[in-house]
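Trainee: Sharing a structure below in structure tokens format, with a few things to ask.
Each value in this text was obtained by applying a stated rule to the coordinates, not by laboratory testing. Predicted model only: the values in this text are computed from it and were never measured. Cβ coordinates were reconstructed from backbone atoms using ideal geometry, including for glycine residues, and neighbour counts include every protein chain displayed.
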Amino acid sequence: MKSKVFIVGNGGHQHTLYGKFNEKNGAIICQESCELRHETKNGVKGEHHALILEKGFWQQGEQVEFNPFNGLITRVWD
């Protein structure tokens, strides 16, 4: 089983994808259902349950947050 860490957040938690997948031009292609886990660096389950990515093409999006008080747009990491 292949695995790859995609995001490492504050406090040492990370999002790791497990399964049979390839990457191409910033996208993930799952050959079968894959599992995206929220875990610590040593593999202990994190704050929420895993997400199942069904077989197919998946594109990673970017999430931003707008603060109306100071007009700033910041990138969200989770």
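Trainee: As an exercise, take the mean of 1/r over every pair of distinct alpha carbons in the chain, invert it, and state the Kirkwood radius in angstroms.
Mentor: Numbers: mean 1/r = 0.0722 Å⁻¹.
Hydrodynamic radius (Kirkwood, Cα only) of the chain equals 13.8 Å.
Trainee: Just add up the charged neighbours of GLU23: K/R +1, D/E -1, any other residue whose Cβ is under 15 Å from the Cβ of GLU23.
Mentor: On the way: positive: LYS2, LYS4, LYS20, LYS24; negative: none.
My count for the surroundings of GLU23 gives +4.
Trainee: Only four residue types carry charge here, +1 at the Cβ of Lys and Arg and -1 at the Cβ of Asp and Glu. Report the dipole size of the chain about the Cα centre in Debye, rounded to the nearest 20.
Mentor: Numbers: 9 positive and 9 negative charges, 60 e Å.
That gives the chain a dipole magnitude of about 280 debye.
Trainee: If you don't mind, another one. How much FRET efficiency would the formula 1/(1 + (r/R0)^6) give for ILE29 and VAL5, where r is the Cβ-Cβ distance and R0 is 22 Å, rounded to 0.05?
Mentor: Values: r = 18 Å, r/R0 = 0.82.
In this case the efficiency is close to 0.75.
Trainee: Sticking with this one: Would you be so kind as to identify which of GLN59, PHE69, ILE29 lies farthest towards the positive end of the dipole of the chain, taking Lys and Arg as +1 and Asp and Glu as -1 on Cβ and the Cα centre as origin?
Mentor: ILE29
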